[in-house]
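One structure is given here, and the rest of the page talks about it.
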Ligand code: SIN
Ligand code: FE
């Protein structure tokens with residue numbers, strides 16, 4: 001079942017869940033489910049909500065979402081000339097509160113992952129998603145799995161926690177077939193399989209060549225895993241036949257709801273909606289309760305080599 005709804009009543013009135021319960025939620029995520037809270041367990045304080053919804057929409061939809069970096073307590077993506085210093089620090093405080101609330105909720109809710117993740121960026125998504133004019137590889141209305149062009153994860157999982165803060169409209173996603181099927185659809189056939197000594201090295205090279213990405217960023221080297229995941233993201237977006245004919249399931253997230261999902265393996269697209277908050281966590285692949293489901297493990301099984 002791709003969408004697993006969790007009513008607030010299941011959260012045991014604010015008490016931390018048992019380890020077994022938390023483990024079952026991790027397992028659902030790892031199996032490709034979207035964990036959906038029809039009513040968010042993390043309501044945004046009313047003044048923060050009012051502030052976010054009042055952000056003027058003068059900026060062109062070509063602009064990026066606004067990102068918050070918890071490690072530096074810094075915002076990026078804000079137009080300097082469109083916002084006063086006071087507003088900017090207000091923004092930062094609001095994002096800091098969201099980010100902190102998500103991290104502390106997930107430390108209990110996903111107990112087996114506690115201290116096995118890095119708190120990555122949070123984002124505020126103020127633009128109408130329908131009809132956003134973005135370059136093809138940046139489009140989020142085409143089905144894709146997530147990979148970061150400038151921030152390779154080296155095998156860590158991309159877990160995202162969303163909140164639809166629009167007062168009345170749903171946020172509309174579409175999802176499609178699971179990761180192992182996608183890999184066999186998009187990966188070149190056959191993937192290189194090593195048979196003898198030295199094959200692992202050959203595999204690295206072959207995979208990097210197949211993905212077409214051999215460039216590295218200073219200090220941020222892409223492993224064959226990162227190159228593969230980036231290439232998969234682009235290949236899905238480029239394939240118009242796949243986009244129009246793959247099995248599609250629509251999912252509408254209610255106003256005031258939250259959901260979380262491993263977006264590195266669950267192919268998704270956002271078709272419509274406005275005003276969302278999101279927090280990304282990079283979860284250590286070794287922390288998975290079913291480690292064989294991690295994409296790094298799927299690719300290693302296919303290639304017979306270490307890819308990250
Ligand atoms: C995405 O990761 O593709 C965007 C999802 C969203 O903003 O709802
Ligand atoms: Fe995405």
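The values are calculated or read from the model by the stated rules, or taken from the named source; none is laboratory data. Small disclaimer: the values here were computed from a predicted structure and weren't measured. No Cβ is skipped: glycine too gets one built from the backbone with ideal geometry, and neighbour counts run over all protein chains shown.
So is residue 162 within 14 Å of ligand 2 (Cβ to nearest atom) and surrounded by fewer than 20 Cβ atoms within 10 Å (Cβ to Cβ) or not? Considered against the rule, which asks whether it is within 14 Å of ligand 2 (Cβ to nearest atom) and surrounded by fewer than 20 Cβ atoms within 10 Å (Cβ to Cβ), residue 162 comes out as no. Just one of the numbered conditions (1) at pLDDT 95 or above; (2) touching a helix residue (DSSP H, G or I) at 6+ places or on another chain (Cβ under 8 Å); (3) not in a loop (DSSP other than H, G, I, E, B) is not true of residue 183: (1). Please go through (1) in contact with a strand residue (DSSP E or B) (Cβ under 7 Å, 6 or more places away or on another chain); (2) crowded, with 16+ Cβ neighbours inside 10 Å; (3) at pLDDT 90 or above for residue 118 and return the number of the only condition it doesn't satisfy. So residue 118 meets the others, but not (2). Which of the residues that make up the stretch 105-132 are more than 16 Å from ligand 1 (Cβ to nearest atom) and touching a residue at least 40 places away in the same chain (Cβ under 8 Å)? Within the stretch 105-132, 105, 106, 108, 109, 110, 111, 112, 113, 116, 117, 118, 119 meet the criteria.
The listed residues are 260, 236, and the only one of them that is touching a strand residue (DSSP E or B) at 6+ places or on another chain (Cβ under 6 Å) and either more than 14 Å from residue 147 (Cα to Cα) or at pLDDT below 90 (or both) turns out to be 260. Does at least one position in the stretch 256-263 carry a residue that is in contact (Cβ under 8 Å) with a residue 24 or more places away in the chain, within 16 Å of ligand 2 (Cβ to nearest atom) and surrounded by fewer than 20 Cβ atoms within 10 Å (Cβ to Cβ)? The answer is no, given that none of the residues of the stretch 256-263 is in contact (Cβ under 8 Å) with a residue 24 or more places away in the chain, within 16 Å of ligand 2 (Cβ to nearest atom) and surrounded by fewer than 20 Cβ atoms within 10 Å (Cβ to Cβ). The number of residues in the stretch 79-100 being surrounded by 15 or more Cβ atoms within 10 Å (Cβ to Cβ) and touching a strand residue (DSSP E or B) at 6+ places or on another chain (Cβ under 9 Å) comes to 7.
Taking the criterion of being within 16 Å of ligand 2 (Cβ to nearest atom) and under 13 Å from residue 171 (Cβ atoms), the residues of the stretch 264-297 that qualify are 268, 269, 270, 271, 272, 273, 276, 277, 278. Considering the stretch 46-64 alone, what residues qualify as being surrounded by fewer than 17 Cβ atoms within 10 Å (Cβ to Cβ), within 24 Å of the chain's Cα centre (by Cα) and modelled with pLDDT of 85 or more? Once the filter is applied, which keeps residues that are surrounded by fewer than 17 Cβ atoms within 10 Å (Cβ to Cβ), within 24 Å of the chain's Cα centre (by Cα) and modelled with pLDDT of 85 or more, the stretch 46-64 yields only 53.
Scanning the stretch 12-34 for residues that are on the phi > 0 side of the Ramachandran plot and over 20 Å from the mean Cα position of the chain (by Cα) returns 12, 13, 14.
Number of residues in the stretch 106-159 that are over 24 Å from residue 75 (Cβ atoms), more than 16 Å from ligand 2 (Cβ to nearest atom), in contact with a helix residue (DSSP H, G or I) (Cβ under 6 Å, 6 or more places away or on another chain) and not in a loop (DSSP other than H, G, I, E, B): the value is 3. What's the total number of residues in the stretch 279-293 that are touching a helix residue (DSSP H, G or I) at 6+ places or on another chain (Cβ under 9 Å) and assigned to a strand (DSSP E or B)? Number satisfying all stated conditions: 3. Residues that are in a helix (DSSP H, G or I) and either touching a strand residue (DSSP E or B) at 6+ places or on another chain (Cβ under 7 Å) or surrounded by fewer than 17 Cβ atoms within 10 Å (Cβ to Cβ) (or both) within the stretch 1-22 comprise 8, 9, 10, 12, 13, 14, 19, 20, 21, listed in sequence order. Flag not set for residue 230, criterion: under 27 Å from residue 71 (Cα atoms), part of a strand (DSSP E or B) and in contact with a helix residue (DSSP H, G or I) (Cβ under 9 Å, 6 or more places away or on another chain).
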